[in-house]
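This report concerns only the one structure given below.
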Amino acid sequence: MGTMFRSEQMALAQLFIQPEAAYFAVSEIGENGCVQFRDLNKEVNVFQRKFVTEVRRCDELERKLRFIESEVKKDNVRIPDVSEIPKAPQPREIIDLEAHLEKTEGDIKELTENSVNLKSNFLELIELRHVLEKTQQFFSEQDEANGYDPAHKALIPDDPNISIRGHLGFIAGVINRERVPGFERMLWRISRGNVFLRRAEIERPLEDPHTGNEFFKTVFVAFFQGEQLKTRIKKVCAGFHASLYPCPNTQKERVEMLQGVKTRLEDLQMVLNQTEDHRQRVLVGVAKELQNWSIMVCKMKAIYHTLNLFNMDVTKKCLIGECWVSANDIPVVQKALADGSTASGSSIPSFLNVIKTNEMPPTYNKTNKFTRGFQNLIDVYGMATYRECNPALYTIITFPFLFAVMFGDSGHAVIMAAFGLYLILAEKKIAAQKGKSEIFNIFFGGRYIILLMGIFSFYTGFIYNDIFSKSVNIFGSAWKINQTALPVNFTVPTGSDVIYEVDLSPRENFNGDPYIIGLDPAWQVSTNKIIFLNSFKMKLSIIIAVVHMIFGVVVSTFNYVHFKKYSNLILDFLPQILLLCFLFLWMVVMIFIKWILYAGKNDEEVDTVHGTSCAPSVLIFFINMMLFKEAEDTNPDCKPYMFEAQPTVQMILIFGALICMPWMLLGKPFYIMCTRKNKSKGQVQKTRSNGDVNPGLEMNEVPANSSEAAAASHYHEEEEEEEEPMSEIWVHQGIHTIEYVLSTISHTASYLRLWALSLAHAQLSEVLWNMVFQMGLTQHGFIGSIYIYVFFAVWSLFTLAILVLMEGLSAFLHTLRLHWVEFMSKFYAGQGYPFEPFSFKKILDEEEEEAT
């Protein structure tokens, strides 16, 4: 957990790598995934960089792989997952991989082309067979109409000079079924009704040889008179993409042609089967290596993209790169460079040089599968500034706890914890699944958060004594029934299911010894339950609010000390913490004083001043304190204050809070003015002393490390140029002071959502029990069992959908708001940028997400 307190310490390093070892070194660095490279060629066009040719080769290989993958998926061939992720191929292996992929692509294209041609021929023969079979009846009817013997006479006479009255010409073919209505209308229009169209549908679907999609077609025969009408019909058929087929005039020729078509279909079907078997064997063999090839090409492309960020030295013999790396990972990078030089056989070693810089490094928080979900909650709000305190460490405890305060039901908590535990136990199986929905991925990523929220909610539900809106009497109630307070002649009817609720009063019903832990179960049947819970949970919310905000202000001191801003401890932290303590911590103290001094057991004793009837309102005390008003003595038997020195203490606290406001407003600007004045005086004195001792000589002295001196002077010049004017400092400090003073009030009130959502969740659960499930308990016998089954199913559905899912999501969002705004605003700047290392694992995961 120590690494979560702050982000990793980063270093800016220069890598000096020999060109022949660069590929191997970057490959080793990518396997480790601990370096973020900087682009040293920002002014160079992407297409003019050194390794652009290699990147294009990788693009071409990816194109071939995409084509092969599409063909494999088209034939429903399973692509097995890789058991072990391969490393990036060596440069000499790339040529072999290119040749192999080119040969594989050519073979698949040839097989695909042959298959398409064979299927196209097969489709034409199928359509021709259907034309010959379906139109036999059409031709028979036409022969009978013309008075010919259908077995021997032709439909169209061979001698063109012979003209027979009533003779018809014909065109036969097939057309897509959905185009038939439009086709008929067009034929009617062009012929003015002089075309006789007969059609029959093909029952079985046909397969498109190019796409593999199935479609339905219809056989048609158009009878007509005249060559001019024949030409028009052919044009219409071409426009509707109808396929025309020749059809003999005599039945004998048609039968012979049909037999020939069937023979050709059988031969072609055998060839098609052999072709498909060969194609299947080729694709199955390719599918086994497809994932390996894709990973190797992806890694190779990433390496060359990274090498394009490097700069070549003047001698063209060394590649220079700059990168951000964690200080703890520098030995890992050095080992990767050494392994790269060894793999390439280079005699000149590559080395790493850490350089000093004034640039803000990226923020890198190391996480594991448990802490990653909590860290993501913080990063969504804003990436932490480099080396500032990381709220995720505290969020691991505070987030599920605040959620549980609003979601305090042990029954609902068990459901939530069980769901989170299932996601954790099955995480390997779930992580291996592909095609998961985005919403499920969100739940899966926060599985440890869900588990902790369920565990904490079970604890708060135990404290609230709330299990599906019901209470459990474990330790025995501390309340009793005062028979003197019951009505005269009161009796409980025998066998009655009526629940008698009583008004619990400490004076009449309290035994004096409180329930051991949690809420007394007697409150479940009391008429003043809401009044009691309302007061209790509201005070609990205020206590949690003040403790949480004070803790946030205290965390800011860690940042001030780390960044050596010791003045902020006096000018920011001290007035902020005092203002918060003088006002709202005092309110919490008054709550505890009230709980301690005023008790129900004092009602029966002599000391009635500290009985429940004299318990004051903390809120009225606080309002009077803010308005400088004295407490009103409304009851002569009670004291106006909880203790004698309370007015004096409140007056001191309110004046202390008033002093903190100008302290915050004026302290920091005055301090900056004084430091700038002293700094300018020191610079003038230094300039004068240099000029008096050695005018002109000492100022022109060239330091030994001229580059570092130039960088330092440039940094100081930037500081002076970026020095904020005092007017803006005054404005910013005024805004900051007003914001903090007002936020102490608004943020404290914002924590009352803990009280509101807790009450709402409990009441909604009780209403759902009374209005739904309890209705199933009204019947007896066989009907009663059916009632229980039905109403339990409805109650369970509503419980899961509304109380667990919707109410859980609502409590989650409110908890997130309390952390982002009320807690983290006290110390968290969130002005950094993330550390994005060059990692093969990350690149492959992104590729997989894009593919799905």
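Data for the structure
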read-out	value
Any chance Gln779 is part of a loop (DSSP other than H, G, I, E, B) and assigned by TED's automatic domain parsing to the domain that holds Phe468	yes
In the range 516-535, residue nearest to the chain's Cα centre (by Cα) [restricted to those that are surrounded by fewer than 16 Cβ atoms within 10 Å (Cβ to Cβ) and part of a helix (DSSP H, G or I)]	Asn534
Residue pairs meeting the criteria (Cβ under 8 Å; at least 6 apart or on separate chains; first in contact (Cβ under 8 Å) with a residue 24 or more places away in the chain, in the range 322-344; second among the aromatic types (Phe, Trp, Tyr) and surrounded by fewer than 20 Cβ atoms within 10 Å (Cβ to Cβ))	Leu337/Phe351
Flag for Ile320 being in the same structural domain as Val82 (by TED's automatic domain parsing), in a helix (DSSP H, G or I), surrounded by 14 or more Cβ atoms within 10 Å (Cβ to Cβ) and β-branched (Val, Ile, Thr)	no
Filter result for Ala417 (of a type outside the set (Ser, Thr, Tyr) and at pLDDT 95 or above)	yes
Residue identified as more than 26 Å from Phe835 (Cα to Cα) and among the charged types (D, E, K, R) among Glu43, Glu69, Glu31	Glu69
Helices (runs of 4 or more DSSP H) (entirely within the range 377-483) containing at least 3 residues that are more than 23 Å from the chain's Cα centre (by Cα) and among the β-branched types (Val, Ile, Thr)	447-464
Any hit, the range 285-297, residues being part of a helix (DSSP H, G or I), of a type in the set (A, V, I, L, M) and more than 30 Å from Ile68 (Cα to Cα)	no
Every residue from the range 210-234 that is at pLDDT below 90, closer than 18 Å to Arg129 by Cβ and among the β-branched types (Val, Ile, Thr)	Val221
Residue match in the range 191-209 (condition: within 60 Å of the chain's Cα centre (by Cα) and modelled with pLDDT of 90 or more)	no
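This table checks each residue for (1) surrounded by 17 or more Cβ atoms within 10 Å (Cβ to Cβ); (2) more than 30 Å from the chain's Cα centre (by Cα).
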site	(1), (2)
Leu759	no, yes
Leu768	yes, yes
Phe773	yes, yes
Gly776	yes, yes
Ser785	no, yes
Phe791	yes, yes
Thr799	yes, no
Ile802	no, no
Glu807	yes, no
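The values are calculated or read from the model by the stated rules, or taken from the named source; none is laboratory data. The shown structure was predicted, so the numbers you read here are calculated from the model rather than taken from an experiment. FYI the Cβ positions are ideal-geometry reconstructions off the backbone, even for glycines, and counts take in every protein chain you see.
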